[in-house]
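The values are calculated or read from the model by the stated rules, or taken from the named source; none is laboratory data. A quick note: this is a predicted structure, and the numbers were derived from the prediction, not measured. Virtual Cβ from ideal backbone geometry, glycine too; neighbours counted across all protein chains shown. With ligands, DNA and RNA removed, areas are computed over all heavy atoms of the protein, side chains included. Shrake-Rupley method; radii C 1.70, N 1.55, O 1.52, S 1.80 Å.
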Amino acid sequence: MKFFIDTANLDQIKEAQDLGILDGVTTNPSLMAKEGIKGVNNIKQHYVNICEIVDGDVSAEVIATDFEGMIKEGEELAALHPQIVVKIPCIKAGIKAIKYLTGKNIRTNCTLIFSAGQALLAAKAGATYVSPFIGRLDDIGTDGIGLIEQIAGMFSRYGFETEVLAASVRHTMHILQCIEAGADVATCPLNAITGLLKHPLTDSGLETFLADYNKLNS
Ligand code: E4P
């Protein structure tokens, strides 16, 4: 399973990249706003800055909600850097825009997916990724991980190449559940990724190894 980091914070992106396990980045307008990035040119420059830090795919989201606006913005975003994947919301105009951009060899990530039916439409339109939001489903008492399993099963059954990108991952346990559910990618906050490292037996085992070494070598 690939790891993307779900942030527009350059320090966190650098930290994940330095760890050597990062496969890409996802952003959204809320994450960009959190970093105080405003104005079209600054936003575009920020995407380029992210692409220069990481080796993998970087999702950049369109703001337009009409077909013409989405494809114009999508083409502009894709032209910024070869690593850019255009993120498009799962609405009627979005599905049409995904189909159009796919025909132009522009990769897309269909976002705000909350059902298998939405994922099917996005995959049929040729989306590179679909992003089911598991945390937001969990928040309303619906099974987010179950949706990942359902979509992964559907794509495998019908031979879709679209990758299942589990989004709205909130914690480390979600990552482990995504592995079981068959997600191709999980996009996560940095602390959910580093949480995978934590185990008390690793800490106590290392402490004993070092103490035993020091008994004979100090
Ligand atoms: C990523 O592609 C999504 O925009 C993001 O994971 C949403 O996460 P949230 O539900 O924590 O805002």
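Annotations
- To put it simply, the accessible area of region 43-133 at a 1.4 Å probe is 57 percent carbon and sulfur.
- 3J(HN,Hα) along region 133-141: 8, 6, x, 5, 6, 4, 4, 9, x Hz, from the Karplus curve 6.51 cos²θ - 1.76 cosθ + 1.60 with θ = phi - 60°, whole Hz, x for Gly and Pro.
- The alpha-carbon atoms of region 104-218 define a convex hull whose volume equals 147 cubic angstrom per residue.
- Per residue value of the accessible surface for the chain (all protein chains in place, 1.4 Å probe), Å²: 51 Å²
- Taken one residue at a time, the phi angles of region 194-202 give Karplus couplings (6.51, -1.76, 1.60, θ = phi - 60°) of 5, x, 5, 6, 6, 8, x, 6, 5 Hz. Gly and Pro are set to x.
- Karplus 3J(HN,Hα) series, Hz, for region 28-43 with 6.51 cos²θ - 1.76 cosθ + 1.60 (x for Gly, Pro): 8, x, 5, 5, 5, 5, 4, 8, x, 7, 9, x, 4, 5, 5, 5
- Between helix 10-19 and the chain there is an angle of about 60 degrees, using the helix long axis and the longest principal axis of the Cα atoms.
- Simple spin-label estimate for E76 and D11 in nanometres, 7 Å along Cα-Cβ: 3.1 nm
- Efficiency of FRET between S218 and L197 - r from beta-carbon atoms, R0 41 angstrom, step 0.05: 0.90
- Computed over region 1-118, the Cα gyration tensor eigenvalues convert (square root of 5λ each) into semi-axes of 23, 16, 13 Å, ordered from largest to smallest.
- For region 1-32 versus region 159-178, the gap between their alpha-carbon centres in whole angstrom: 15 Å
- Taking every lysine pair in the chain that is 8 or more places apart or spans two chains, those with Cα atoms closer than 21 Å amount to 28.
- Of the peptides 198-204, 68-74, 81-87, 9-15, the ranking by mean beta-carbon count within 10 Å, highest at the top, reads 81-87, 68-74, 9-15, 198-204.
- Packing-based ranking, highest mean first, of 27-34, 207-214 given that Cβ atoms within 10 Å are counted: 27-34, 207-214
- Taking amide hydrogens as placed 1.01 Å from N in the peptide plane, the amide H of I84 sits under 5 Å from those of V58, each at least 5 positions away in sequence or on another chain.
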